[in-house]
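Here's the structure, in structure tokens; my notes come after.
Derivation of every value follows stated rules applied to the coordinates shown; laboratory data play no part. Please read all numbers here as calculations on a predicted model, not as lab measurements. Cβ: placed from backbone, ideal geometry, glycine included. Neighbour counts: every protein chain shown.
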Amino acid sequence: MTQQCEICGADVQHTYLVEVGTSKLRVCKACAKYGVAVPERASSKAKPVVKKKIYKLMDEEFSIEIVPDFGMRVKDAREKLGLKQEELAKRINEKVSLLRKIERGEIVPDDRVRQKLERILNISLVERVQ
């Protein structure tokens, strides 16, 4: 099955997903140099990978996981405090784009960012799993 490059119009067997400005385009290998490669996912609604951390408390072993609705929890808590995304990003010393992606559930915050969000917003984004 051939596809068409969205930049030069050439018919090609394989296209690459690249971001040119604010647009995502399917392009041929030659035109891929005009953009930044975008990782392709099996589905546009694919869930981010959540890493488990295993802990041992006395004789009990357990792990913690990020809650599935972490993005909604962050957004709800931020709005309850009357903060804009820009204000919260400044308080946690992170980029607004990172906060937007976290709130949309596109990326899972690393432990450092998660802890800052939990502290500032007074919420928990993890749950204990046996």
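Can you sort R91, R78, R73 from fewest to most other Cβ atoms within 10 Å of each residue's own Cβ?
Listed from fewest to most nearby Cβ atoms, that is R91, R73, R78.
What is the ratio of the Cα radius of gyration of segment 53-129 to 2.2 N^0.38 Å, with N the residue count, to two decimals?
1.16
List the residues, sorted by chain then number, that are 5 or more residues from A10 or on another chain and whose placed amide H is less than 5 Å from its amide H.
Residues meeting the criterion, in which the H sits 1.01 Å from N, are C5.
Rounding to the nearest 20 debye, state how big the charge dipole of segment 53-129 is about its Cα centre with +1 on each Lys and Arg Cβ and -1 on each Asp and Glu Cβ.
Charge dipole of segment 53-129: 480 debye, to the nearest 20.
Going by how many other beta carbons lie within 10 Å of each one, how would you line up T15, T2, T22, fewest first?
The most exposed by this proxy come first: T22, T2, T15.
Quick check on my link table: of K24/K84; K33/K75; K33/K101; K24/K95; K29/K101; K29/K116, which ones sit more than 31 Å apart, alpha carbon to alpha carbon?
Beyond 31 Å: K33/K75; K29/K116.
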